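Before I ask anything, here is the structure I am working with.
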Amino acid sequence: MIERDVCERVLAVAVSTGADYAELFCENTVDHAVNMIAGKVDSVKDGYIAGASVRVYKGLRSVMASTIDTTEQGLISCAKKAAEALGQGKAEISICLTQRIFGDIHPIKIVPSTVKNSDKIEVLRRACNAAKEYDGAIKQVKGTLLDVDHGIMIATSEGLYTTDRQIRTRLSMESVAEIGGETQTGTASPGRRMGMEMFDGLISPEETGREASRQAVTMAGAGYAPAGTMPVVIGNGFGGVIFHEACGHSLEATSVAYGCSQFCGKLGQQIANPKVTAVDDGTIPGAWGSINIDDEGTPARKNVLIEKGVLKSYMIDKFNSRRMGMEPTGNARRQSYGYTPTSRMTNTYIAAGDDKNEDIIASVEYGLYAKAMGGGSVNPTTGEFNFAVREGYMIRGGKVCEAVRGACLVGKGSDVIMNIDMVGPDLDMGQGMCGSSSGSIPANVGQPMIRVSSITVGGR
């Protein structure tokens with residue numbers, strides 16, 4: 001990365017027109033992806049991103065400039081542009097950087113870049129073969145094995161100089177099944193902040209492939225879900241995307257600091273059912289959304305957002321902490337140096353509860369069991385959302401019955417978390433890429449099985 005003395009000179013230029021804070025962010029990222037279709041390698045792709053950005057604050061004004069030229073001359077030129085855009089003035093900030101090492105709670109045993117392509121292809125082949133052999137109804141199987149090695153350096157006018165290296169690995173499978181002329185797709189995409197050791201007992205390529213195919217076959221043979229307002233049981237793991245989208249984004253300073261959130265001004269108030277405790281925790285070792293430090297150099301931490309239904313905290317980046325008068329929480333994230341960082345989730349989940357899963361199902365006379373959730377959309381200001389159910393079943397008389405497809409859940413985040421009246425013990429996580437104003441970042445979503453007493457189900 002960039003030497004400290006160079007960073008000091010760049011930051012000195014950045015604050016020269018009156019900024020009260022300056023930050024230099026440098027990045028080197030290498031990613032590698034192997035894609036397989038129908039049992040054959042379709043492509044092997046490598047990517048490389050390198051560059052830097054300079055960001056300056058003056059009160060509640062912020063300017064960022066970026067460059068691919070990471071020589072001292074290039075960085076100084078970038079700093080001048082940011083300083084000039086901020087305006088005229090003069091700062092009296094002495095820049096003296098001290099290196100800090102925050103530690104690494106995500107040790108990597110097998111760095112993916114040291115593994116032969118043939119070995120990666122073999123892992124992918126195992127998954128694809130298992131997916132294809134699951135059932136005769138499987139017509140197509142696609143798989144991707146992705147690894148990312150993301151190195152960052154952060155230097156600030158407050159004297160911070162630090163680096164971090166983030167390695168992540170993910171296996172994504174997609175199976176297409178055809179039954180009676182109807183086709184459906186199933187997916188499974190486990191990922192971790194780990195190297196290739198992820199496949200040494202933690203993640204089974206075969207089980208991943210079979211899970212994608214099981215889902216595809218189940219849904220291809222299913223009828224359509226009925227529409228109406230009813231109780232809905234949402235399965236654990238990726239079911240947590242409901243909280244992530246419908247409530248999590250509304251708890252980010254990106255929305256809260258500007259008064260554009262359904263939860264503005266509600267700290268200390270009851271905003272959810274007392275059964276609900278929700279957490280954002282960037283410190284879980286090896287988890288997909290975990291970080292050692294955020295992209296402003298603030299150490300990751302565990303933030304209890306909602307405790308027994310009471311709003312306890314927001315997720316706050318350094319710049320928006322000024323506007324809110326609250327300290328940063330270690331949630332500033334960005335896709336790359338070309339994006340301005342802002343408050344984002346890491347590993348966000350509803351904590352385990354005391355209700356037994358069998359009691360949750362038995363409590364529903366007629367409703368929907370959303371075992372696996374798909375994508376959707378949400379308005380963070382109002383909390384209104386619409387999410388697809390990737391795998392669903394009808395519940396009749398307290399028992400899980402026939403599979404149904406085409407269901408979606410429609411509602412408002414603040415209503416849903418009030419209506420979560422049963423929470424199971426089986427907390428699990430699902431992996432995804434979260435998109436927002438600072439780009440696409442890896443994020444975990446999670447929850448145990450929960451019951452929403454009443455929600456609108458879209459169907460036929």
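The values are calculated or read from the model by the stated rules, or taken from the named source; none is laboratory data. Predicted model, so just to flag it, every value in this text is computed and none were measured. So basically every Cβ, Gly included, is an ideal-geometry build from the backbone, and we count neighbours across all protein chains shown.
Taking V457 as meeting all but one of (1) surrounded by fewer than 21 Cβ atoms within 10 Å (Cβ to Cβ); (2) in contact (Cβ under 8 Å) with a residue 40 or more places away in the chain; (3) over 23 Å from G289 (Cβ atoms); (4) hydrophobic (A, V, I, L, M, F, W, C), write down the number of the exception.
The one condition V457 does not meet is (1).
Filter region 20-57 for residues that are free of Cβ contacts under 8 Å to residues at least 60 places away in the same chain and buried (at least 18 other Cβ atoms within 10 Å of the Cβ); which is nearest to E72 (Cα to Cα)?
The residue in question is V54.
So, one more: Please pick out the residue among M433, M449 that is surrounded by fewer than 18 Cβ atoms within 10 Å (Cβ to Cβ), of a type in the set (A, V, I, L, M) and under 23 Å from the mean Cα position of the chain (by Cα).
M433
I want to confirm something. Restricting to region 58-69 and keeping residues that are of a type in the set (A, V, I, L, M) and surrounded by 19 or more Cβ atoms within 10 Å (Cβ to Cβ), which single residue is farthest from I154 (Cα to Cα)?
The selected residue is V63.
Just need a number here: residues in region 1-42 that are within 30 Å of N117 (Cα to Cα) and within 26 Å of the chain's Cα centre (by Cα).
Selection size over region 1-42: 11.
State the number of residues belonging to region 308-327 that are buried (at least 20 other Cβ atoms within 10 Å of the Cβ) and basic (K, R).
Qualifying residue count, region 308-327: 1.
Return the total of residues in region 89-146 being in contact (Cβ under 8 Å) with a residue 24 or more places away in the chain and in a loop (DSSP other than H, G, I, E, B).
22
Name the residues in region 274-302 that are closer than 23 Å to I420 by Cβ and part of a strand (DSSP E or B), would you?
A278, V279, D280, D281, K302 - these are the residues of region 274-302 that are closer than 23 Å to I420 by Cβ and part of a strand (DSSP E or B).
So which residues in region 397-448 are farther than 19 Å from N386 by Cα, outside any strand (DSSP E or B) and of a type in the set (S, T, Y), if there are any at all?
Within region 397-448, S437, S438 qualify.
Another question, if that's okay. Could you tell me whether any residue of region 397-405 is basic (K, R), free of Cβ contacts under 8 Å to residues at least 60 places away in the same chain and either in contact with a Ser or Thr (Cβ under 6 Å, 6 or more places away or on another chain) or farther than 20 Å from A227 by Cβ (or both)?
yes
Given A38, A50, which one is on the phi > 0 side of the Ramachandran plot and aliphatic (A, V, I, L, M)?
A38
Let me ask something else. Report, by residue number, each residue of region 262-280 that is of a type in the set (S, T, N, Q) and under 26 Å from G237 (Cβ atoms).
Answer for region 262-280, where residues must be of a type in the set (S, T, N, Q) and under 26 Å from G237 (Cβ atoms): Q262, N273, T277.
Just to verify a result, which residue in region 235-272, among those that are surrounded by 23 or more Cβ atoms within 10 Å (Cβ to Cβ) and of a type in the set (D, E, K, R), is nearest to the chain's Cα centre (by Cα)?
Of everything passing the filter in region 235-272, E245 is nearest to the chain's Cα centre (by Cα).
Follow-up question, since we're still on this one. Can you tell me which condition I395 does not meet? The list is (1) on the phi > 0 side of the Ramachandran plot; (2) in contact with a Leu (Cβ under 8 Å, 6 or more places away or on another chain), and all the others hold.
The failed condition is (1).
Let me ask you something else. Can you tell me how many residues within region 187-207 are of a type outside the set (A, V, I, L, M, F, W, C), part of a helix (DSSP H, G or I) and surrounded by fewer than 23 Cβ atoms within 10 Å (Cβ to Cβ)?
Going through region 187-207 one residue at a time, the tally reaches 3.
Look through C247, C260 and report the one residue that is out of contact with any strand residue (DSSP E or B) (no Cβ under 8 Å at 6 or more places or on another chain) and either at pLDDT below 95 or assigned to a helix (DSSP H, G or I) (or both).
Testing whether each residue is out of contact with any strand residue (DSSP E or B) (no Cβ under 8 Å at 6 or more places or on another chain) and either at pLDDT below 95 or assigned to a helix (DSSP H, G or I) (or both) leaves just C260.
Of all residues in region 273-303, which are within 16 Å of G240 (Cβ to Cβ), buried (at least 22 other Cβ atoms within 10 Å of the Cβ), of a type in the set (S, T, N, Q) and more than 14 Å from the chain's Cα centre (by Cα)?
N303
Hey, another quick one. So, in region 347-376, of the ones that are hydrophobic (A, V, I, L, M, F, W, C) and more than 27 Å from the chain's Cα centre (by Cα), which residue ends up farthest from G413 (Cα to Cα)?
Among those that are hydrophobic (A, V, I, L, M, F, W, C) and more than 27 Å from the chain's Cα centre (by Cα), it is A362.
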